Amino acid sequence: MFQDLGNFNSSKFQVSEFILLGFPGIHSWQHWLSLPLVLLYLLALSANILILIIINQEATLHQPMYYFLGILAMVDMGLATTIMPKILTILWFNSKTIGLPECFVQMYAIHSFVGMESGIFVCMAIDRYVAICQPLCYSSIITKSFVLKATVLMALRNSLTTIPIPVLAAQRHYCSKNQIEHCLCSNLGVTSLSCDDRTINSVYQLLLAWIFMGSDLGLILVSYALILHSVLKLNSMEAISKALSTCTSHLILILFFYTVIIVISITHSATMTFPLIPVLLNVLHNVIPPALNPMVYALKNKELRQGLCKLLKLDFKGS
């Protein structure tokens, strides 16, 4: 009887929705952030769409490196679109409520897209390693089949391994508090409201980050270390300059991507003192790379610049 009464009370006080308060500490003027955020979002969409159009229209760009870049563009648009519409409705219309199912779906999508972007960075690093260190074997190793298999593998890896994150979050009991000091449904932000033990949620996310993100970053660093070692052995300064120029843009974006993830993880433990920092970094991490990636690649890649100028019907003059 008492157990039944306990179950009744538990279900009675289970919340049915969360309230996303936005950016902690600046609620009174956070709507002003909508201007830079919407500009970044529109830039991310338009720049990545341009990349996809250029790659599709230019036959010379139908190569593995550009296929990976096109996949990265689609992942970037998916990542930004997962969070930005809801953030803008919070800032513009004060629409702060979000249902539990919608919140858990957003949580799943964010982790899947972030993991997919990490995986594509690995594929691009391998592509550059083979192109520079094993150029005679490039056409036989990095084929269209390799691109397809690598993409499917990364998609399956990230879509399946992130399922437990929202599933475990949904199993927690949210009995009283439903206000989240955030503008998106982060795993740790949501589960911090639960009335029961959430250790398994934190442990699984930590393991996922170390096993997959850590291994991805390790493979990338090894690939670029081998590339640097191979490049420095070249006798031609022009060849060294060209190889380093090609890889520099990749490495800058990759290091930014992982550095922000590490900073978010570290600052999350200091949320009680500086709650705005991890929230702001979390949002910017999901919108700045999608906006920067296509611009950096286009600026550093002659073929993409030519394709862009041709698309916009401009005269291209480049070395």
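Could you tell me whether segment 139-159 includes any residue that is under 15 Å from Ile71 (Cα atoms), out of contact with any Gly (no Cβ under 8 Å at 6 or more places or on another chain), open to solvent by less than 30 Å² (accessible area, probe 1.4 Å) and of a type outside the set (A, V, I, L, M, F, W, C)?
Looking through segment 139-159, at least one residue is under 15 Å from Ile71 (Cα atoms), out of contact with any Gly (no Cβ under 8 Å at 6 or more places or on another chain), open to solvent by less than 30 Å² (accessible area, probe 1.4 Å) and of a type outside the set (A, V, I, L, M, F, W, C).
So is His268 at pLDDT below 75 and over 16 Å from Phe121 (Cα atoms) or not?
Working: at pLDDT below 75: yes; over 16 Å from Phe121 (Cα atoms): yes.
In short, yes.
Within the bounds of segment 106-115, is there any residue that is surrounded by fewer than 21 Cβ atoms within 10 Å (Cβ to Cβ) and under 24 Å from Gln30 (Cβ atoms)?
Checked against the condition, which is being surrounded by fewer than 21 Cβ atoms within 10 Å (Cβ to Cβ) and under 24 Å from Gln30 (Cβ atoms), segment 106-115 yields at least one hit.
Check segment 175-187 and report whether any residue there is over 19 Å from Gly115 (Cβ atoms), basic (Lys, Arg) and crowded, with 17+ Cβ neighbours inside 10 Å.
Start the filter on segment 175-187 by keeping residues that are over 19 Å from Gly115 (Cβ atoms), which leaves 175-183.
Now narrow it down to the ones that are basic (Lys, Arg): 177.
Retained after the next criterion (residues that are crowded, with 17+ Cβ neighbours inside 10 Å): none.
No, the conditions are met nowhere in segment 175-187.
If you go through segment 117-138 one residue at a time, how many are touching a Ser or Thr at 6+ places or on another chain (Cβ under 8 Å) and open to solvent by 10 Å² or more (accessible area, probe 1.4 Å)?
Going through segment 117-138 one residue at a time, the tally reaches 5.
Return yes when Lys86 is farther than 30 Å from Lys302 by Cα and either open to solvent by less than 20 Å² (accessible area, probe 1.4 Å) or in a helix (DSSP H, G or I) (or both) and no when it is not.
When the stated conditions are applied, Lys86 passes them.
If you take the residues in segment 95-105 that are over 23 Å from the mean Cα position of the chain (by Cα) and outside any loop (DSSP other than H, G, I, E, B), which one is surrounded by the most Cβ atoms within 10 Å (Cβ to Cβ)?
Step by step, filter segment 95-105, then rank; the result is Thr97.
Scan segment 198-213 residue by residue and report those that are exposed (fewer than 13 other Cβ atoms within 10 Å of the Cβ) and not aliphatic (A, V, I, L, M).
Result: Thr199, Trp210.
Are any of the residues in segment 43-58 assigned to a helix (DSSP H, G or I), hydroxyl-bearing (Ser, Thr, Tyr) and surrounded by 21 or more Cβ atoms within 10 Å (Cβ to Cβ)?
No, segment 43-58 contains no residue that is assigned to a helix (DSSP H, G or I), hydroxyl-bearing (Ser, Thr, Tyr) and surrounded by 21 or more Cβ atoms within 10 Å (Cβ to Cβ).
Out of the residues in segment 218-241 that are free of Cβ contacts under 8 Å to residues at least 60 places away in the same chain and surrounded by 14 or more Cβ atoms within 10 Å (Cβ to Cβ), which is farthest from Arg128 (Cα to Cα)?
Selected residue: Leu234.
The values are calculated or read from the model by the stated rules, or taken from the named source; none is laboratory data. The structure presented is a predicted model; accordingly, all values stated were derived computationally and were not measured. Methodologically, a virtual Cβ is constructed for each residue, glycine included, from the backbone with ideal geometry; neighbour enumeration extends over all protein chains shown. Ligands, DNA and RNA are stripped out before the accessible areas are found, and what is left, the full protein with its side chains, is counted by its heavy atoms. Shrake-Rupley method; radii C 1.70, N 1.55, O 1.52, S 1.80 Å.
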